[in-house]
1. Under the condition of being among the hydroxyl-bearing types (Ser, Thr, Tyr) and open to solvent by less than 20 Å² (accessible area, probe 1.4 Å), which residue from the stretch A:576-611 is farthest from the chain's Cα centre (by Cα)?
2. For residues that are in a loop (DSSP other than H, G, I, E, B), of a type outside the set (A, V, I, L, M) and in contact (Cβ under 8 Å) with a residue 40 or more places away in the chain, tally how many sit in the stretch A:159-188.
3. What residue, of A:Ala511, A:Ala463, A:Ala549, is more than 30 Å from A:Val356 (Cβ to Cβ) and among the small types (Gly, Ala, Ser)?
4. I'd like to check something: does the stretch A:21-43 contain any residue that is acidic (Asp, Glu), within 9 Å of chain B (Cβ to nearest Cβ), in contact with a Ser or Thr (Cβ under 8 Å, 6 or more places away or on another chain) and open to solvent by 20 Å² or more (accessible area, probe 1.4 Å)?
5. Based on what the data block shows, is B:Phe254 among the aromatic types (Phe, Trp, Tyr), crowded, with 18+ Cβ neighbours inside 10 Å and at pLDDT below 80?
6. Somewhere in the stretch A:385-404, is a residue more than 14 Å from every other protein chain (Cβ to nearest Cβ) and in a helix (DSSP H, G or I)?
7. Counting just the residues of the stretch A:328-346 that are open to solvent by 10 Å² or more (accessible area, probe 1.4 Å) and closer than 11 Å to A:Gly382 by Cα, which one comes out nearest to the other protein chains (Cβ to nearest Cβ)?
Amino acid sequence: MRVLNVAEKNDAAKNIALCANRGPPNRREGLSQYNKIYEFQYQINGHQCTMIMTSVSGHLLTQDFSPQYRQWQSCPIVELFDAPLQTICPPNYQNIKRTLEREARTCQQLIIWTDCDREGENIGYEVIEVCRAANPRLGPQHVWRARFSEITPQAVNNALRNLVPPDERISNAVACRSELDLRIGAAFTRLMTMRFREIAQYKPFLNEKGLLSYGSCQFPTLGFVVERYKEISRFIREDFWKIKVTHEFKKPEKARVEFHWQRVRLFDQLCCEVIFDICKERPEATVTGLTEKPKSKWRPLPMDTIELEKLASRMLKINAKETMRIAEKLYSQGLISYPRTETNIFPKDFGLPNLVQQQIASPVWGAFAQNLLQLGPNPRAGKKSDQAHPPIHPLKFAPNLAGNEKRVYELIVRHFLATCSGDAKGFETILTIQITEEFFQADGLVITERNYLDVYPYDKWEAKTIPHCSVGLKFIPTRIEMAAGQTSPPALLSESDLIALMEKHGIGTDATHAEHIETIQTRQYAGMNDDRRFTPGRIGMGLVDGYDAIDRAMSRPHLRSQLEASLKDICEGRRNKADVLQEQIDNYRGIFLQAQAQIQKLRDALDRYTQ
Amino acid sequence: MQQIKNEFRKRNVQVPEEVLAVLHQEITGSRGVGTLEQRAVELWKNADLRSFYQAHAASTPLTKILQNKSTTKIGESLCLQIDSLRDVSRPAYQQLQKVINRFGENVLVTGDAETAPNKSEPTGKRMLLLNLTDGSKDIQAMEYQVIKTLSIDTPPGTKVRLIPPIMFRKGILLLTSENIHVIGGQVACLQEKFAQKRVLASLLNADLDAMEKAAPPCPPPNQATNSVVGLRQVVVQNAGNQQNGFDDPDGDAFLANVAVNWGEDDPDADAFLAGALDDFDRLSQN
């Protein structure tokens, strides 16, 4: 029995073969120099099989309009919403396709080993389509899906013991999305480019293909950036005043304590002065309360994709796209589990002790891991699960990494060890004093057990001492003063803020956030400033303003989040692809016609910003 | 006229003679629900006190108080009208945005797990700053301790009785709940002129018109769209019936296996793999 196995990239194919074979497989060349073929023997359910393992390099096929619609002048743009499409294999992947066809002809079974997420399922169906065309005997009973969340011997063997048919619904959801993106993107891009490319002052803003392009996911992402920018420019600063009390304690211990006003601040100077005068006249302070209560700082939740992206962006200053590229690489090498996951809870009996043990070898966190092993890992449980993959975690110790790969790997390990360890514990003391009718308080913190903080430098918890005064103690504060301040506008969006907004409003999935964020930058609609925060570019502002004038829904998240929700419905079998396609095409066609009719508003807005 | 005076006295409200005279004039001959005296009181409650002093700026109790700024306590009762009020414990800009429904919640979203999501900055207890008048002179009062009978929605034109002893400093009255009794009433033209949004906008020098004309904020997401996607679906209805090269496992068995086998120990494989990858990389020149 010969079985063809196809993975999503060469790295994965190589390592999966290695894991299944428990040793280096035989390697031979395919027709594509980047996708090798690995052969080995394996027993599947008692049957002896020759396993032929190869790979594609991501999507093998793409969709485009039929040739008669590809020319921009060929049809009224609105027809793109209904024009026929065809599936083709791009020239640089022809060799991969021929390799699959050649190998498929000699095999009786096909197993799909693409990444276990939506795109992976869709790529799997492309592989099936190509192989079946070459070898029609590969019918539904002969095509299988391997399910795995990490590239390790146990996961690979497990996958082979539990093969299932591929899930067409998931592939359909992806096909639906990509068709919509093609039609919507093409229609709006043609509209804008054809109307505006001759205008001299817009020329610097066309991309390298000379296009002014549009995507229905990037646009709401850009919308968030513009919205925040506008909030900041509209913001009106206000002066405020507050009273600060400082005291140098000598007894019971020497300490300098700053008290905060319970009123926090007042936005009228006279009111604050009045109260300040009263306090200065009778400045004697009386301790009215000293409460001490246990306080803990929670260890982090198990890591999902969004957390990884946000943490890497904030702490390591690595942007999301790069983080995911590195994570994919670490996964293909069998160092971490599958990095695209929405799960933040570990299943019971997950085998955590073994995973912790792998990290004992580290000279940096080995001691912590050793200690954790003795105490027993106790992960915090989140509430989300995508039923497909566990939270992101390290699989084994990796001593030979360098640069950003090393830093991302380290983040994942430290986060994993932290989540399995214990919350940091301490005591919080709140000292309250009263001066005339005003109350002031100071907070102290004593940390009794650092626990997870010892392995997780990304969280800060700082101790602060407060003297233990007794209630009723009276003193004259060393200093009572009135200070002024001013409110400030919110900050520009950081990448991690933008990801949080996209997640909140349902734009994109954990697999695509990073991509959309990158796209708005490569199209120059927005850029990152020196502080790693997003500002909209002039053309970005013009586009959002212009489309807002036509139909506010375009730059708002609702349209797209509805689309994403419908895609979920296809995945979960609640709706079928044809219905969703028709509904969304009708939606966007309507908006397109509106935009076309009111294109002058877009022109006006772009002019305003590009003068 | 004496009856009107008594009606007021019953409510502990001191009304100057000039005002009583005007009220008496207005009310006699008019029709309405209730006795003449009751209607007089209602008329007073819902009138702008300034309208009683159109001719001249009379000398009222407030005149004396305002002249003598060094006193720290007022010993007499005062019947005043609230022209406008605002909350000085919070920024006016955010208050204004919320009143005209232009506050976008997205401004509170942050990617920092440390900060509690959707919480704006901490504030202390409320402090209302009132602009009061007796019809002739104006004075400000601050809510020194929270007064439950007042709120940001208390309508302009509301009549209040201030009860001594009242603290007084730098020209402002300091009020606690014991210092004030809200009589009631409202005045339409004052409500219009001193609506919260106008009070806040004028304080900030903001273009209220432009703000109101701007697009309403991005609405919060529909919660239903954010449920977590399930990749793994119910599989294989006819799995058991298929003739094929592999004995097909039951879809449910897979689900059960997932939970258990996801970390199944395979120590030999691990030990092997630890060295194997390195060897393989060396051998494979990839």
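The values are calculated or read from the model by the stated rules, or taken from the named source; none is laboratory data. What you see is a predicted model, and the numbers here were worked out from it, not measured in a lab. Heads up, the Cβs are rebuilt from the backbone with ideal geometry, glycines too, and the neighbour counts pull from every protein chain shown. These accessible areas exclude ligands, DNA and RNA; they are computed on the full protein's heavy atoms, side chains included. Shrake-Rupley method; radii C 1.70, N 1.55, O 1.52, S 1.80 Å.
1. Top of the filtered list is A:Thr610.
2. 2
3. A:Ala549
4. no
5. So B:Phe254 fits the description; yes.
6. Taking every residue of the stretch A:385-404 in turn, at least one turns out to be more than 14 Å from every other protein chain (Cβ to nearest Cβ) and in a helix (DSSP H, G or I).
7. A:Glu342
Table: residues versus (1) buried (at least 18 other Cβ atoms within 10 Å of the Cβ); (2) free of Cβ contacts under 8 Å to residues at least 12 places away in the same chain; (3) among the polar types (S, T, N, Q).
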{"position": "A:Phe196", "(1), (2), (3)": "yes, no, no"}
{"position": "A:Asn207", "(1), (2), (3)": "no, no, yes"}
{"position": "A:Ser216", "(1), (2), (3)": "yes, no, yes"}
{"position": "A:Gly223", "(1), (2), (3)": "yes, no, no"}
{"position": "A:Lys230", "(1), (2), (3)": "no, yes, no"}
{"position": "A:Lys244", "(1), (2), (3)": "no, no, no"}
{"position": "A:His247", "(1), (2), (3)": "yes, no, no"}
{"position": "A:Lys250", "(1), (2), (3)": "no, yes, no"}
{"position": "A:Val257", "(1), (2), (3)": "yes, no, no"}
